Amino acid sequence: MQTLRELYKIGRGPSSSHTIGPERAIKAMKERFPKAEKFTVTLYGSLAMTGKGHATDEVIIKTAEPLECEVVFDIQTPCDRHPNTMDIEVTEDGKIVAKQRVYSVGGGTVLFEGEKAPDEYCDDVYELNTFSDISDYCKNKNIRLWKYVEECEGKEIFYYLDKIWERMKITVHEGLTCSGTLPGGLDTQRRAQYLYHQRHIDESMQTRENRLVCSYAFATSEQNAAGGIIVTAPTCGSCGVLPAVLKYMQETRGFSDDAIVKALAAGGIIGNIIKCNASISGAECGCQAEIGTACSMAAAALAELFEMGLDQIEYAAEVAMEHHLGLTCDPIGGLVQIPCIERNAVAAMRAINALSLADFLADSRKVSFDTVVETMYQTGKDLLGSYRETASGGLATHYKRKRSV
C-alpha cells in the first residue's frame with residue numbers, strides 16, 4: 001500500500017477525482033512537455049458527465065495556463081478500464097507530439113497508462129494490505145496501529161499528519177464563519193453556521209452532540225462545495241466526516257493534538273486497505289466507496305483515540321462500512337452538494353454509533369473488515385452506471401423532473 005501522504009491530501013474542492021486529479025495530471029504533463037503550446041483534453045465517463053458541475057474544465061484550463069487548452073466532453077465513448085478517464089493531447093510547433101491517457105482513480109490519485117495500470121497502485125510503503133495481516137502483525141509485536149504506521153513510514157509521517165490536522169481544523173473554522181448560497185445554480189444555502197449557533201430550547205446532551213458534529217461536517221463539506229481548501233479523507237466529497245468527529249471529541253474530551261494525529265494514522269490504514277483492495281472512487285463503486293470509507297476511517301480513528309483493542313477497531317470500521325453498502329452516487333446537477341453535504345453529517349454520526357457498538361459487541365462479530373471491503377467492491381461493480389457519479393439516475397433525475405413540473 002502507498003504512503004498516507006497519497007491518501008490525505010490538501011487541495012481545492014469540490015472533487016478529488018474531478019478537480020484535484022485532473023489538476024495533478026495537467027501539472028505533470030506541463031513538466032514532461034516544457035515546449036508544449038497547446039493541450040487538448042478529452043474527458044470520458046463520469047469526468048465528462050459531471051465535469052461541468054465539478055468545474056473540471058475550469059480547473060484544467062486554469063492549470064494549463066499560459067498554454068492554450070481545449071476541453072472536450074465525450075459522453076458517448078465507453079471507458080474500458082476506469083470511469084474517470086481522460087486523454088491529453090500535446091501540441092508543439094503546430095504538430096501533435098504526444099497523446100497520454102490518464103485515469104483519475106479516486107482521492108486525487110492519477111495513473112498514467114503505460115506506466116502503472118489502475119489495479120496496480122498498492123505498493124511502495126506498506127507490505128501488508130489486509131486488516132487481517134496487519135492486525136496479526138500488530139498483535140504479535142504488541143503494538144497499536146499508529147505504531148505500525150510509524151514503523152512503515154518513519155516518525156516524519158506524523159509531522160505530515162500534524163499539517164493535515166491543522167488544515168482540517170482551519171477548514172471547519174472557515175466553514176463556520178461563512179453564510180449565503182453555494183455556487184453552481186442549485187441555490188443551496190450554507191447551514192453550518194446555523195447548526196452551530198442554533199441551540200435547541202431544551203437541548204439534551206445527545207441533541208447537542210448531533211448538532212455540533214453535524215455543524216462541523218457541514219462546515220467542511222460546504223467549503224469543499226465552494227471550491228475551498230480541504231483535506232481528502234479519503235476524497236473531497238467525503239472530506240467532512242473525519243474532521244467532524246475528531247474535532248468534536250477533542251473539544252469535549254480534551255484529547256491532545258498528538259492523540260488526534262495517531263488516530264488519523266489508524267484511520268488512514270483503514271482508508272488505505274479499502275483503496276488498495278477495492279475503491280474510494282464514487283465513479284467506480286458509488287458513494288459507498290467515498291462516504292462508506294470515510295465513515296470506516298472515522299470509526300477506526302475514534303476507536304484508536306479511545307485506545308480500544310484491534311478487534312474493536314476492526315469491528316467499528318466494519319460496522320461503519322457494512323451499513324453503507326449499496327449507497328449510490330447520484331449528485332444533483334453533478335454538484336457536490338445534494339445529497340453529498342448531508343451525507344457527510346449522517347456518516348459522522350454513524351461513525352460515533354459504530355464506536356459505541358464496538359465497545360460492547362466486538363467479541364460477537366461475525367463479519368471481518370476484509371470481507372466487507374470485498375463485498376463493497378463487488379457491490380459497486382454491480383451498480384448501474386447511472387448510480388456511479390454520472391448524475392443520470394436516482395436523485396439527480398427525479399429532482400430534475402420535479403423542478404420541470
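Determine which single condition ASP359 fails, assuming it passes every other condition in (1) assigned to a helix (DSSP H, G or I); (2) of a type outside the set (A, V, I, L, M); (3) at pLDDT 95 or above.
(3)
Can you tell me which residue in the range 37-47 is nearest to the chain's Cα centre (by Cα), limited to those that are open to solvent by 10 Å² or more (accessible area, probe 1.4 Å) and at pLDDT 95 or above?
Here the answer is TYR44.
Looking at the range 392-403, I want the residues that are modelled with pLDDT under 90 and have a partner that is outside any helix (DSSP H, G or I) with Cβ atoms under 8 Å, at least 6 apart or on another chain. Which pairs are those?
Hits for this filter: TYR399/ILE338.
So, in the range 145-156, how many residues would count as being in contact (Cβ under 8 Å) with a residue 24 or more places away in the chain and more than 15 Å from ALA301 (Cβ to Cβ)?
The qualifying residues number 3.
Can you tell me which residue among LYS155, LYS147 is basic (Lys, Arg) and either in contact with a Leu (Cβ under 8 Å, 6 or more places away or on another chain) or loosely packed, with under 14 Cβ neighbours inside 10 Å (or both)?
Within the list LYS155, LYS147, the selection yields LYS155.
Which condition from (1) of a type in the set (D, E, K, R); (2) closer than 17 Å to ALA233 by Cβ; (3) within 17 Å of the chain's Cα centre (by Cα) is the one that ASP330 breaks?
Here ASP330 clears every test but (2).
Could you pull out every one of the strands (runs of 3 or more DSSP E) wholly within the range 57-138 that has 3 or more residues that are at pLDDT 95 or above and among the β-branched types (Val, Ile, Thr)? Write out each step before concluding.
Numbers: elements: 68-74, 84-92, 95-106, 109-112.
Answer list for the range 57-138: 84-92, 95-106.
Taking ILE170 as the residue in question, decide whether it is closer than 23 Å to LYS262 by Cβ, β-branched (Val, Ile, Thr) and open to solvent by 70 Å² or more (accessible area, probe 1.4 Å).
For ILE170, the condition - closer than 23 Å to LYS262 by Cβ, β-branched (Val, Ile, Thr) and open to solvent by 70 Å² or more (accessible area, probe 1.4 Å) - is met.
In the range 380-398, what count of residues is obtained for those that are surrounded by fewer than 20 Cβ atoms within 10 Å (Cβ to Cβ) and in a helix (DSSP H, G or I)?
Count: 7.
Looking only at the range 350-371, count every residue that is under 22 Å from SER215 (Cβ atoms) and open to solvent by less than 50 Å² (accessible area, probe 1.4 Å) and tell me the total.
Final tally of qualifying residues: 4.
Identify the single condition in (1) among the polar types (S, T, N, Q); (2) within 17 Å of THR235 (Cα to Cα); (3) surrounded by fewer than 22 Cβ atoms within 10 Å (Cβ to Cβ) that THR19 does not satisfy, given that it satisfies every other one.
It fails just one condition, (3).
Within the range 75-95, does at least one residue satisfy the condition of being among the small types (Gly, Ala, Ser) and either open to solvent by less than 20 Å² (accessible area, probe 1.4 Å) or at negative phi (or both)? I'd like the intermediate steps shown before the answer.
Here is the first cut: in the range 75-95, the ones among the small types (Gly, Ala, Ser) are 94.
With either open to solvent by less than 20 Å² (accessible area, probe 1.4 Å) or at negative phi (or both) added as a condition, the list becomes none.
Within the range 75-95 (the criterion being among the small types (Gly, Ala, Ser) and either open to solvent by less than 20 Å² (accessible area, probe 1.4 Å) or at negative phi (or both)), the answer is no, since none of the residues qualifies.
When you go through GLN312, GLN288, GLN337 one by one, which is the residue that is open to solvent by 30 Å² or more (accessible area, probe 1.4 Å) and in contact with a helix residue (DSSP H, G or I) (Cβ under 6 Å, 6 or more places away or on another chain)? Talk me through it step by step, then tell me what you get.
Details: GLN288 fails: open to solvent by 30 Å² or more (accessible area, probe 1.4 Å); GLN337 fails: open to solvent by 30 Å² or more (accessible area, probe 1.4 Å).
Just a single option satisfies the conditions, and that option is GLN312.
I'm told TYR377 meets every condition in (1) surrounded by 15 or more Cβ atoms within 10 Å (Cβ to Cβ); (2) farther than 16 Å from SER281 by Cβ except one. Can you identify the failing condition by its number?
(2)
Check whether at least one residue in the range 243-257 is in contact (Cβ under 8 Å) with a residue 24 or more places away in the chain, open to solvent by less than 10 Å² (accessible area, probe 1.4 Å), of a type outside the set (Ser, Thr, Tyr) and farther than 18 Å from ARG350 by Cβ, and report yes or no.
Scanning the range 243-257, I find no residue that is in contact (Cβ under 8 Å) with a residue 24 or more places away in the chain, open to solvent by less than 10 Å² (accessible area, probe 1.4 Å), of a type outside the set (Ser, Thr, Tyr) and farther than 18 Å from ARG350 by Cβ, so the answer is no.
Looking only at the range 181-224, which residues are open to solvent by 50 Å² or more (accessible area, probe 1.4 Å), of a type in the set (S, T, N, Q) and in a loop (DSSP other than H, G, I, E, B)?
The answer is GLN198, SER204.
Of the numbered conditions (1) of a type in the set (A, V, I, L, M, F, W, C); (2) at pLDDT 95 or above; (3) under 27 Å from ASN129 (Cβ atoms), ILE352 satisfies every one except a single condition; which is it?
(3)
The values are calculated or read from the model by the stated rules, or taken from the named source; none is laboratory data. Everything numeric in this text was worked out from a predicted model, so none of it was measured. We place every Cβ from the backbone using ideal geometry, glycine too, and count neighbours over all the protein chains shown. SASA here: full protein model, heavy atoms, side chains in, ligands and nucleic acids out. Shrake-Rupley method; radii C 1.70, N 1.55, O 1.52, S 1.80 Å.
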